[in-house]
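Comments concern the structure below.
The values are calculated or read from the model by the stated rules, or taken from the named source; none is laboratory data. Every value quoted in this text rests on a predicted model; they were computed, and no experiment measured them. Methodologically, a virtual Cβ is constructed for each residue, glycine included, from the backbone with ideal geometry; neighbour enumeration extends over all protein chains shown. Remember, those area values only see protein heavy atoms, side chains included, never the ligands or the DNA or RNA. Shrake-Rupley method; radii C 1.70, N 1.55, O 1.52, S 1.80 Å.
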Amino acid sequence: MNRGLLLRFENLVQLRGARRQLHALSSREVYGAQWKPVQLSAHPVRSLLLHPQLWPKHRLFSAALPQCRHLATKEETKKKKKKIPVMRGEVEIRQKMTVEELAQAMGKDIDHIYEALLYTDINLDSVEPDSILSEDHIKIIVQKSGMKYKSAKLKEEKERKNTDAVKRPPSDPAVLTPRPPVVTILGHVDHGKTTLLDSLRKTQVASMEAGGITQHIGAFIVHMPSGEKITFLDTPGHAAFSAMRARGTNVTDIVILVVAAEDGVMQQTIESIQHAKNAGVPLILAINKCDKPEADPERVKKELLAHDVVCEEFGGDVQAVNISALKGENLMVLAEATVALAEMLELKADATGLVEGTIIESRKDKGKGPLTTAIIQRGTLRKGCVLVAGKTWAKVRFLFDENGKAVDAASPGIPVEIMGWKESPSAGDEILEVESEQRAQEVMAWRTYVEHQEKMKKDLEVIEAKQREHRLEYEKKQQKMAHLTWRQRKAVLYKANKHLMFSRPKERTEMDENMLSLIVKGDVDGSVEAILNILDSYDCEDECKLDIVYFGMGDISENDINLAEAFNGVIFGFSVKANESIKKLADKKGIKIKLHNIIYKLIEDLKDELNSRLPPAVVETTIGEASVLDTFSVTVGKNKIPVAGCRVHKGLLDRKMKFKLIRNRDVIWKGCLSSLKHHKEDVQVIKMGMDCGLSLDKNLEFSIGDEIICYEEKEVQQTTSWDPGF
């Protein structure tokens, strides 16, 4: 008996060992194991078990690793994982540490830092591993973790050498040579600025403009019969292009203010006068459309007196010329007045040395790449010159005049189109020539560094403002929990913020239906700038949120379609195109592409799109009114139902409609009627002057003098209250 028990016990031990080995094999990827049948010693007659003859450890790994990646077990992973030493002593802290850096310094994981932040006034929802912590918060986290802190020795950062490109010092007057005057034509929209310039150039610029409205700056040279040259800048008069007009006056010598004789002084006329005053540029008044019967040039001159524009006949210094741009009347008189004023100003420039200039406009061309229209102010621009402007640079490949013809050089006062930019610079950027491409890259590196430093400074200001806001909230919460013990406070804080601990990384939230995402594309930089300036005035976020996902220059591309699809957005294009393949792709993905050539039509379309995103408003239309003259109750089963005896004094009561009960001018109930009777008979409609009895779908007591209003609800499309200003 005892021997049988011993044999069974030995057999169980053998089975347990075999089970352990089988379990080990199932949890590891063992390659090259050789199986062979093994007979159990206790009971030779019993069945055989497959028992693996494992290779030695070094042979196993040498065979497995060349064939495939080794899959480690949890135990091996723990051994291989580099343990961060937990510091029980002092933690070296410094200013502007991120959450991740503090966790490493403390020897903790990031979740530990998040848990410690529960004791601070920081909103955990806005904290990421790369978020910068203030010194006070760092100290609190270290103390709450049971550690001490010490300030790290500040390493003195070497002040980075300024490698930016700068203007040359003033030139010697002896080397200065006369240059053409740069004249900007300003005025209200549709007062004839482009027609005037068209007549001077003898070309058909006005006929090519969309809707007869100038959409961006044009820079041209006009050759006078006497041999003089005048560089004209034609700026848009539409309200949307205020920034372009300001940019035009900053590079000009003389401003010709065009005012229509029949319209007089308008909004953009006043703005143009202000731009000229701010730039300190002299004015010449051109009173246009004097050929019309309703023209009144004297009224225009008198209106301008209110804006400190005093013509010569009133004792001022502003020349006034009555013209007709369409018929070409008195244009030579205007040109001679411009030349005379330029001679008085003695306009000269240095045509030698490194080039300096200003970008008037920037655009992208499919074949030529980024192109810029610029006015040269110093030096002579030639092919091969290396230029820097804003955050990009160029090695000049080609130069073009206003007619698109290639030119070899451009001297001061001459407008020129430059080809060879790495990226499109912004309109208004200053152009400076540098010695070499390496020098241009140094300038770009410095400007990128300065931009990064400024961004960090702004981000820090925003963070500090948010922290102050959350500190106030934190202090209020602390006051509410002042009566609790520290254990109770910890439990309350943990429960309140528990959902934030496990919400990282942030999952992308669903798109708000009440949001319009925009992709804005324009032909030139100035057009995009004008549209963005208009969108900046949007102040109806409570109605519909406006999100500008992307903006840039050039035709609509596949990337724009993909962006619009990702953000459920709409593409607005200004003076750009979308080829057939792009349109088909947009139709397939259900993306709207809205193309316009006139700025105010684009804004109207944008407002329509905003209106379509607004939820419909429910409007109540009153159908009838009745007064409660008496009250009584009717027993139905075991329930007493209040009934009102009413008389209709306006309109009619329709049982299908909705009703509301008004008492002392307050609405105390809204809903449907449960019954409507006339002489004990159920009816659908009670007309004016008739008596009736009615009960509500809610057992609500009536009072004599209550008003019963029958009304109908209709959904009406809302319109945005946003006013872009024109």
Subject >> Residue order for LYS161, LYS292, LYS108 - accessible surface, 1.4 angstrom probe, largest first >> reply: LYS161, LYS292, LYS108
Original post:
Packing-wise, with mean Cβ within 10 Å as the measure, how do 633-643, 651-661 rank, highest first?
Top reply: 651-661, 633-643
Original post:
What FRET efficiency comes out for the pair GLU712/GLN274, r = Cβ-Cβ distance, R0 = 56 Å, nearest 0.05?
Top reply: 0.55
**OP:** Extending each Cα 7 Å along its Cβ direction at GLU298 and THR635, get the distance between those two points in nm, one decimal.
**Re:** 9.7
Original post:
Full extension from VAL175 to VAL462: what is 0.36 nm times the residue separation minus their Cα-Cα distance, to one decimal in nm?
Top reply: 98.2 nm
Original post:
In region 111-135, which residues have a backbone nitrogen under 20 Å from the label point lying 7 Å from LYS96's Cα in the Cα-to-Cβ direction?
Top reply: 127-135
Subject >> Label-to-label distance, nm, for residues given as GLU135 and ASP111 (7 Å Cα→Cβ offset) >> reply: 3.3
Original post:
Which order do peptides 535-546, 519-530 fall in by mean Cβ count within 10 Å, highest first?
Top reply: 519-530, 535-546
Original post:
Across bins of 5 angstrom width beginning at 0, how are the C-alpha pair distances of region 617-716 distributed, in whole percent?
Top reply: 3, 14, 25, 28, 18, 8, 4, 1, 0
Original post:
Between GLY413 and residues 5 or more places away or on another chain, which pairs have amide H atoms under 5 Å apart, with H built 1.01 Å from N, and which residues are they?
Top reply: ILE376, GLN377
Original post:
Amide H to amide H under 5 Å from LEU652: which residues, 5+ apart in sequence or cross-chain, H placed 1.01 Å off N in plane?
Top reply: GLY624, GLU625
Original post:
Given labels modelled 7 Å from the Cα in the Cβ direction, how far is it in nm from ILE704 to ALA406?
Top reply: 10.3
Original post:
What residues qualify as long-range amide H neighbours of LEU595, i.e. H under 5 Å apart, gap of 5 or more or another chain, H built at 1.01 Å from N?
Top reply: GLY573
Subject >> Protection proxy ranking of 473-479, 128-134, 285-291, 317-323 - average other beta-carbon atoms within 10 Å, highest first >> reply: 285-291, 317-323, 128-134, 473-479
**OP:** Subtract the Cα-Cα distance of SER721 and GLU620 from 0.36 nm times their separation in residues, and report this length gain in nm to one decimal.
**Re:** 34.3 nm
**OP:** Go through LYS193/LYS301; LYS391/LYS521; LYS577/LYS601; LYS680/LYS714 and tell me which ones have a Cα-Cα distance over 27 Å in this structure.
**Re:** LYS680/LYS714
**OP:** Multiply the residue gap between ASP365 and ASP555 by 0.36 nm, knock off their C-alpha separation, and tell me the result in nm, one decimal place.
**Re:** 67.5 nm
**OP:** Over every pair of different alpha-carbon atoms in region 356-435, take the mean of 1/r and invert it; report that Kirkwood radius in Å.
**Re:** 12.0
Original post:
If you put +1 on each Lys and Arg Cβ and -1 on each Asp and Glu Cβ, how big is the dipole of region 515-613 around its Cα centre, in Debye rounded to 20?
Top reply: 480
Original post:
Per residue, what volume in Å³ does the Cα convex hull of region 90-151 take up?
Top reply: 67
Original post:
Which value, in Å to one decimal place, does the Kirkwood hydrodynamic radius take for region 274-402 when every pair of different Cα atoms is included?
Top reply: 18.5
**OP:** Give the whole-number value, in cubic angstrom per residue, of the convex hull volume spanned by the C-alpha atoms of region 560-682.
**Re:** 246
**OP:** Estimate the FRET efficiency between GLN438 and ASP547 by the formula 1/(1 + (r/R0)^6), using the beta-carbon distance for r and 35 Å for R0, to the nearest 0.05.
**Re:** 0.30
